[in-house]
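Structure first, then comments.
The values are calculated or read from the model by the stated rules, or taken from the named source; none is laboratory data. Every value quoted in this text rests on a predicted model; they were computed, and no experiment measured them. Ideal geometry is used to build each Cβ from the backbone, glycine not excepted, and the neighbour counts take in all protein chains shown.
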Amino acid sequence: MPDATTTTTSTQTAAHSDAKLPPGMVMGPDGKPCKICTAARFWKTTKVPGTTTQSKPSSSSTKATAATMAALAYGTNETVTTPDVRPENCPPDVEKLGRATWTFLHTTAAYYPERPTPNQRANMLMLLRSLPILYPCSHCASHLDENMKTSPPDVSGRLGLSRWLCERHNEVNERLGKGKFDCGIKSLDERWKDGPSDGSCD
Ligand SMILES: Cc1cc2nc3c(=O)[nH]c(=O)nc-3n(C[C@H](O)[C@H](O)[C@H](O)COP(=O)(O)OP(=O)(O)OC[C@H]3O[C@@H](n4cnc5c(N)ncnc54)[C@H](O)[C@@H]3O)c2cc1C
């Protein structure tokens, strides 16, 4: 099971209260800055000490190590962030990976049978139980693992699974300070399978 990680985001608890990290930076279980655990916008742009304008890294500074970014931020105790405007083929950060994973999970649930066979249930259970072990964002995996101990997966059928996933997703939303999604089946179907009734997605 992944170890706890350290971050200074307001929504994720720092494992070591004395850790001096720039805002948004997340440390991995190995004690090093964890790139897949950190939103890319926190990696990309820092306020350079002594300047008042935002500095967008050049192509070489884009490749700056997390340590460099951290050092800059330690100096000013300030990090300026921008939306992630990296090229599409860049590796995913925690947000891109999250969106893709939720898309996969909610869509899979929307197409899961209402009356799954024992084999289908077993396979779904395996998929969900693999996440806390294999999910690359270690602190996300760790939270999910804790969460699944108190709320075991409901693989009984499409409705139960969709609701269970929606609630797990809402727990992350809440931790990140986002609003809760309506876990009613109509909202879930419209979002992940049928689309809105106005036909705008047809
Ligand atoms: C298992 C897991 C754990 C994660 N843990 C963390 C974490 O600890 N820290 C962290 O920073 N990030 C975490 N993430 C990533 C995070 O959940 C988001 O994916 C990421 O912040 C991008 O958010 P977003 O606002 O673009 O939309 P997302 O939260 O990715 O949602 C995508 C779309 O799903 C729909 N949606 C939203 N909520 C629900 C819901 N409850 N049910 C159904 N549909 C919904 C909305 O239409 C939304 O636009 C985790 C992701 C996963 C898959």
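The figures follow:
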quantity: Failed criterion for ASP182 (all others in (1) modelled with pLDDT of 95 or more; (2) not assigned by TED's automatic domain parsing to the domain that holds ARG99 hold); calculated: (2)
quantity: Qualifying residues in segment 24-50 (those that are in contact with a helix residue (DSSP H, G or I) (Cβ under 7 Å, 6 or more places away or on another chain) and among the polar types (S, T, N, Q)) - the one modelled with the lowest pLDDT; calculated: THR46
quantity: Cβ-Cβ under 8 Å pairs, at least 6 apart or on other chains, segment 85-96 side touching a residue at least 24 places away in the same chain (Cβ under 8 Å), far side away from the ligand (no atom under 15 Å from the Cβ) and basic (Lys, Arg); calculated: ARG86/LYS44
quantity: Enumeration of residues in segment 147-157 that are in a helix (DSSP H, G or I) and without any contact (Cβ under 8 Å) to a residue 12 or more places away in the chain; calculated: LYS149, THR150
quantity: Condition broken by GLY98, with the remaining ones in (1) surrounded by fewer than 17 Cβ atoms within 10 Å (Cβ to Cβ); (2) within 12 Å of the ligand (Cβ to nearest atom) satisfied; calculated: (1)
quantity: Considering residues of segment 158-202 that are part of a loop (DSSP other than H, G, I, E, B) and surrounded by 15 or more Cβ atoms within 10 Å (Cβ to Cβ) only, the residue nearest to the ligand (Cβ to nearest atom); calculated: PHE181
quantity: Segment 179-192 residues that are under 9 Å from CYS166 (Cβ atoms), paired with ones that are at pLDDT 95 or above and among the aliphatic types (A, V, I, L, M) (beta carbon under 8 Å, 6 or more apart); calculated: LEU188/ALA109; LEU188/ALA110
quantity: Checklist (1) part of a helix (DSSP H, G or I); (2) assigned by TED's automatic domain parsing to the domain that holds CYS37 applied to ILE133, failing item; calculated: (2)
quantity: Selection count, segment 134-157, where residues are near the ligand (Cβ under 10 Å from one of its atoms) and crowded, with 18+ Cβ neighbours inside 10 Å; calculated: 9
quantity: Members of segment 105-120 found to be more than 21 Å from TYR135 (Cα to Cα) and either surrounded by 18 or more Cβ atoms within 10 Å (Cβ to Cβ) or not hydroxyl-bearing (Ser, Thr, Tyr) (or both), listed by number; calculated: ALA110, TYR112, PRO113, GLU114, ARG115, PRO116, PRO118, ASN119, GLN120
